[in-house]
Amino acid sequence: MITALAGGVGASKFLDGLCRIIPPEELTIIVNTGDDIHMFGLYIAPDLDIVTYTLAGIVNPTMGWGIDGDTFNCIDSLVAYTGGERWFNLGDRDLATHIYRTQLLNEGRTLSEVADLIRRSHGVAARILPMTDAHTPTTIVSDEGDLHFQEYLVRRRAQPKVMGLRFENIGSAKPAPGVAEAIRQAEAIIVCPSNPLISIGPILAVPGMRDLLKQTSARVGAISPIVGGASLKGPSDRMLADLGMEVSARQVAELYSDFIDIFILDLQDAELTFEIEKIVSEVVCTDTVMSDGEKRTALARATLAALM
Ligand code: FO1
């Protein structure tokens with residue numbers, strides 16, 4: 001059994017590769033829900049949906065989120081009513097997921113129950129768990145004031161300077177059902193190449209999570225989302241710099257150094273191997289840039305070979 005910690009787009013590409021080389025029913029994915037947001041009365045869970053749609057083979061391949069070929073009629077009509085701008089693109093078919101999820105949550109089902117129903121109806125064999133059933137949205141403390149993560153990332157295109165992060169309500173959150181067991185019982189645990197601050201960070205901030213990762217007998221490996229001093233996708237590099245951290249794979253390794261056994265970094269960063277070996281017991285250097293399907297599976301193979 002393999003357990004993965006995942007954010008959105010980068011993680012999903014890796015997980016797609018992984019599911020092509022192992023039986024997907026042997027995989028449990030613990031997903032960040034700090035990006036979750038209420039909009040138009042609906043509960044939107046972007047990373048859960050990105051992982052589900054990618055593994056179902058229906059994600060928009062250009063954007064890495066949303067459903068391929070989706071249309072945007074409903075959101076355009078909604079925006080016309082409210083007189084606002086269409087800054088968050090909820091597609092018509094994607095909206096069905098949010099309506100279904102919200103209806104079930106309103107009926108008293110938990111986020112983990114709903115995530116399971118949704119992934120099963122899309123024929124996804126891997127188990128997909130939210131990190132917690134509580135709503136713990138990420139707030140970006142910025143030079144423009146406090147912003148919900150999606151407002152910072154999508155509406156303001158990651159332009160505001162990040163001065164701090166807050167994971168709301170995290171202190172009282174519990175790991176979702178199945179999360180602790182998936183970490184304790186795994187043969188190997190993989191931290192996907194996701195933003196260490198706002199994708200993996202919220203998962204690690206759920207009380208008890210870091211201790212579970214430190215105590216598991218499984219080997220834990222993390223893949224760097226920073227390559228050559230820049231993030232491949234998203235604002236990880238800018239956020240690290242804004243928060244006074246080094247923009248490097250070494251910095252990512254340091255953020256995880258208390259619970260990982262292996263750090264996987266890109267060939268472009270090979271010269272950092274020696275430095276990272278001072279903080280993590282094993283360092284593996286391989287091609288981590290997943291520019292096509294073959295590279296996704298190659299990275300998954302290299303990661304498993306290092307871990308098992
Ligand atoms: N990202 C964007 O950059 N623009 C969007 O309009 C947008 C809409 C959207 C709708 C549903 C969904 O599940 C994800 C969506 N994303 C969008 C992606 C999302 O903002 C982030 O990439 C993730 O939260 C980070 O993993």
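Over the chain, dividing the summed -39,500 (n - 2.57) contributions of all DSSP H runs of at least 4 residues by the number of residues returns a 222 nm mean residue ellipticity of -10500 deg cm²/dmol.
The distance separating the Cα centre of the stretch 155-208 from that of the stretch 13-27 comes to 21 Å. Of the residues Cys192, Cys19, the one with the largest accessible area comes first in the ranking Cys19, Cys192, computed with a 1.4 Å probe on protein heavy atoms.
Dipole orientation for the chain: of the candidates Thr216, Leu197, Tyr152, Thr216 has the Cα lying most toward the positive pole (charges on Cβ; Lys, Arg +1; Asp, Glu -1). Over all other residues within a Cβ to Cβ distance under 11 Å of Thr297, the charged ones net out to +2, with Lys and Arg as +1 and Asp and Glu as -1.
Rolling a 1.4 Å probe over the protein heavy atoms leaves Lys278 with an accessible area of roughly 130 Å². Accessible surface ranking for Arg210, Arg155, 1.4 angstrom probe, highest first: Arg155, Arg210.
Count the DSSP beta bridges whose two residues both fall in the chain, then state the antiparallel fraction as a percent rounded to the nearest 5. Of those bridges, close to 40 percent are antiparallel. Straight-distance candidates among the lysines for linking to Lys13, with alpha-carbon spacing under 25 Å and chain neighbours fewer than 8 residues away dropped: Lys233, Lys295. Oblate is the label for the stretch 58-192, because the ratio a/c of its alpha-carbon gyration tensor axes (a ≥ b ≥ c) is 1.5 or higher and a/b is not greater than b/c. Rounded, prolate or oblate, given the Cα gyration tensor of the stretch 51-136, with a/c below 1.5 counting as rounded? Note, shape of the stretch 51-136 comes out oblate.
On average over all directions, what projected area in square nanometres does the chain have, based on the convex hull of its Cα atoms?
On the way: hull surface 59.2 nm².
That works out to 14.8 nm².
How would you classify the stretch 22-85 from its alpha-carbon gyration tensor, with a ≥ b ≥ c the square roots of the eigenvalues: rounded for a/c under 1.5, else prolate if a/b is greater than b/c, otherwise oblate? It comes out oblate by the Cα gyration axes.
Partners of Lys278 within straight-line reach, counting lysines whose Cα lies under 19 Å from its Cα and excluding those fewer than 8 residues away in the same chain: Lys214.
Computed from Cα positions, the angle between helix 293-307 and the longest principal axis of the chain comes to roughly 50 degrees.
Using only side-chain charges placed at the Cβ, +1 for Lys and Arg and -1 for Asp and Glu, the dipole size of the stretch 151-278 relative to its Cα centre rounds to 560 debye. Heavy-atom accessible surface of the chain, averaged per residue, reaches 41 Å², computed with a 1.4 Å probe.
All C-alpha pair distances within the stretch 164-308, sorted into 5 Å bins from zero, spread as 2, 10, 19, 22, 21, 16, 9, 2, 0 percent across the bins. When +1 charges are put on Lys and Arg Cβ atoms and -1 charges on Asp and Glu Cβ atoms, the dipole computed for the stretch 259-307 relative to its Cα centre reaches about 200 debye.
In the stretch 30-79, Cα pairs under 8 Å separated by at least six residues give a relative contact order of 22 percent. Heavy-atom accessible area, probed at 1.4 angstrom with all protein chains present, ranks Trp65, Trp87 as Trp65, Trp87, highest first. With just the Cα atoms defining each centre, how far is the stretch 57-123 from the stretch 237-308? Give it in Å. After rounding, the separation between the Cα centres reads 32 Å. Apolar share of the accessible surface for the chain: 50 percent from carbon plus sulfur atoms, 1.4 Å probe.
log10 I(q)/I(0), Debye, Cα-only the stretch 191-243, no solvent, q = 0.15, 0.19, 0.20, 0.25 Å⁻¹? Result of the Debye calculation: -0.48, -0.71, -0.76, -0.99.
The values are calculated or read from the model by the stated rules, or taken from the named source; none is laboratory data. Keep in mind it's a predicted model, so treat the numbers as computed, not measured. Note: ideal-geometry Cβ built from the backbone for every residue, glycine included; neighbour counts use all protein chains shown. Areas reflect the complete protein model, heavy atoms only, side chains present, ligands, DNA and RNA absent. Shrake-Rupley method; radii C 1.70, N 1.55, O 1.52, S 1.80 Å.
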